[in-house]
1. Identify the residue in segment 59-85 that is of a type outside the set (A, V, I, L, M) and in contact (Cβ under 8 Å) with a residue 40 or more places away in the chain and, among all such residues, is surrounded by the most Cβ atoms within 10 Å (Cβ to Cβ).
2. Identify, from the list ARG78, ARG12, ARG87, the residue that is in contact with a helix residue (DSSP H, G or I) (Cβ under 6 Å, 6 or more places away or on another chain) and not hydroxyl-bearing (Ser, Thr, Tyr).
3. Could you tell me whether segment 48-55 includes any residue that is in contact with a helix residue (DSSP H, G or I) (Cβ under 8 Å, 6 or more places away or on another chain) and without any contact (Cβ under 8 Å) to a residue 40 or more places away in the chain?
4. Anything in segment 97-136 that is in contact with a helix residue (DSSP H, G or I) (Cβ under 6 Å, 6 or more places away or on another chain), surrounded by fewer than 15 Cβ atoms within 10 Å (Cβ to Cβ) and at pLDDT 95 or above? List them, or say none.
5. Would you check if HIS46 is farther than 27 Å from GLY127 by Cα and modelled with pLDDT of 95 or more?
6. Answer yes or no as to whether ARG17 is farther than 30 Å from LEU111 by Cβ and either touching a strand residue (DSSP E or B) at 6+ places or on another chain (Cβ under 8 Å) or among the hydroxyl-bearing types (Ser, Thr, Tyr) (or both).
7. Scan segment 1-40 for residues that are assigned to a helix (DSSP H, G or I), closer than 17 Å to ALA95 by Cβ and among the aliphatic types (A, V, I, L, M) and report the count.
8. Checking the structure you have, find out if any residue of segment 28-39 is hydrophobic (A, V, I, L, M, F, W, C) and touching a strand residue (DSSP E or B) at 6+ places or on another chain (Cβ under 6 Å).
Amino acid sequence: MPLVRIDLSTDRPPAVRRAIADAVHQALVDAVGIPADDRFQIVTPHDPEELVFDPNYLDVARRDVVCVQITLVAGRPRELKLDLYRRLAANLAEAGVRPEDVFVTLTENALDDWSVGNGRAQLVELGAVAGAPVEP
């Protein structure tokens, strides 16, 4: 159950924003194995001057960054995360985003760090999430 925040420029029209959100979700389904209906995203457009990213940090030529922040339960292996980054770049390229402009961060937490309604910790009750080992 990831929570995804996508920050991007208002220069990208609403239909493109939706295509970007769809591409991010599909990468999570394909790489992590989350269910297709496990979709929680916050897409926030910003005036271009509000997105401040170094244009050449680590020799990546950025122009119009799409920042994807994913919060998910810890425990997935490095290889899965690296595959997720590749899929995100490929899927977003199909949505019109240059791979150089795809900026991703993952933040991991535990099953008991989630409540998705009704004051319950549903993930604790489930005991597992897609792509992560079962907690004791």
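The values are calculated or read from the model by the stated rules, or taken from the named source; none is laboratory data. Owing to the predicted nature of the structure, the values given are computational and were not obtained by experimental measurement. Don't worry about glycine lacking a Cβ; one is built from the backbone with ideal geometry, like all the others, and counts go over all protein chains shown.
1. Among them, the one singled out is ARG76.
2. Just a single option satisfies the conditions, and that option is ARG87.
3. There is no residue in segment 48-55 that is in contact with a helix residue (DSSP H, G or I) (Cβ under 8 Å, 6 or more places away or on another chain) and without any contact (Cβ under 8 Å) to a residue 40 or more places away in the chain.
4. Hit for segment 97-136 is PRO99, nothing else.
5. Criteria met by HIS46.
6. Considered against the rule, which asks whether it is farther than 30 Å from LEU111 by Cβ and either touching a strand residue (DSSP E or B) at 6+ places or on another chain (Cβ under 8 Å) or among the hydroxyl-bearing types (Ser, Thr, Tyr) (or both), ARG17 comes out as yes.
7. Matching residues across segment 1-40 total 11.
8. No, there is no match, as no residue in segment 28-39 is hydrophobic (A, V, I, L, M, F, W, C) and touching a strand residue (DSSP E or B) at 6+ places or on another chain (Cβ under 6 Å).
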